[in-house]
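The values are calculated or read from the model by the stated rules, or taken from the named source; none is laboratory data. Quick caveat, the model's predicted, so the values are computed rather than measured. Glycine gets a Cβ as well: all are built from the backbone with ideal geometry, and neighbour counts include every protein chain shown. Note: accessible area is taken over every heavy atom of the protein model, side chains too, but ligands, DNA and RNA are not part of it. Shrake-Rupley method; radii C 1.70, N 1.55, O 1.52, S 1.80 Å.
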Amino acid sequence: MPDLEPARPCPSLWQLFYNFAMVGLFGFGGVMPWARQMMVDRRQWVSEQGFNELLTTGQFFPGPNIANVGIIYGRRLHGLPGAVVTVVGLYLFPSLITVLAGFAYAKWWSHDVVQQVFGAVMPIATGLMLGTTLRLLKAMPRTLANYSAFILTFVLMAVLVLPLWMVLLICIPSSLALSFIGSQKVAG
């Protein structure tokens, strides 16, 4: 008998808008860690595996990954209105803040204090992204095919610094082949 998971909460349109707006507002240095924490840990709208599946699907479409995650999730729950409110919520505060920051940047960028603040934020943003990466890796099914695809992708992106389109062109067929070979070994 399969283990039954408890039903996940189904957020209203307002809850989608509000929570994605908060992700956008507090997501300095990248919103992926904030979105994952909100959807998986705090609100428990999706499981770790569910978030990984949304993210994986969202990465195949153009545009920011987390916007794609919101569109897919919002549409799944509430159709077009759900997709729209997640994107509007996600971009509302960052858009306002960026316009205001642009004005401030033009006026005060030459001050040492402003440059020090931006320099101090960089390691925090990097740590947030690394933490999210490690959590995604932890939730990934532990197979030789998955680890091989992960390492190949990392080497192509971080070591060889290939463009994203080239990495995808190499990694998608490689991952599919490794997964197919792995499933044949299990079946055989």
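When Gly63 is tested against (1) more than 21 Å from Thr133 (Cα to Cα); (2) outside any helix (DSSP H, G or I); (3) of a type outside the set (A, V, I, L, M, F, W, C), just one condition goes unmet, and that condition is (1).
Note on the stretch 131-188: residues that are of a type in the set (D, E, K, R), more than 20 Å from Glu48 (Cα to Cα) and surrounded by 14 or more Cβ atoms within 10 Å (Cβ to Cβ) total 0.
If only residues of the stretch 96-119 that are of a type in the set (Gly, Ala, Ser) and open to solvent by 60 Å² or more (accessible area, probe 1.4 Å) are counted, the one that is nearest to Thr56 (Cα to Cα) is Ala106. Look at (1) among the hydroxyl-bearing types (Ser, Thr, Tyr); (2) surrounded by fewer than 20 Cβ atoms within 10 Å (Cβ to Cβ); (3) in contact (Cβ under 8 Å) with a residue 40 or more places away in the chain and you find that Thr86 fails only one, number (2). Residue check: Val46 meets all listed conditions (1) modelled with pLDDT under 95; (2) under 19 Å from Gly131 (Cβ atoms) but one, namely (1).
Which of (1) open to solvent by less than 70 Å² (accessible area, probe 1.4 Å); (2) in a loop (DSSP other than H, G, I, E, B); (3) at pLDDT below 95 does Pro6 not meet, given it meets every other one? Condition not satisfied by Pro6: (1). Scanning the stretch 27-55 for residues that are farther than 20 Å from Ser95 by Cβ and either open to solvent by 70 Å² or more (accessible area, probe 1.4 Å) or not in a helix (DSSP H, G or I) (or both) yields Arg42, Arg43, Gln44, Trp45, Val46, Ser47, Gln49, Glu53.
Among residues of the stretch 1-19 that are over 12 Å from Trp45 (Cβ atoms), those with a beta-carbon under 7 Å from a residue that is open to solvent by less than 80 Å² (accessible area, probe 1.4 Å) and modelled with pLDDT of 95 or more at least six positions away or on a different chain give the pairs Leu13/His78; Leu13/Pro81; Leu13/Gly82; Leu13/Val85; Phe17/Val85; Phe17/Val88; Phe17/Gly89; Tyr18/Gly89.
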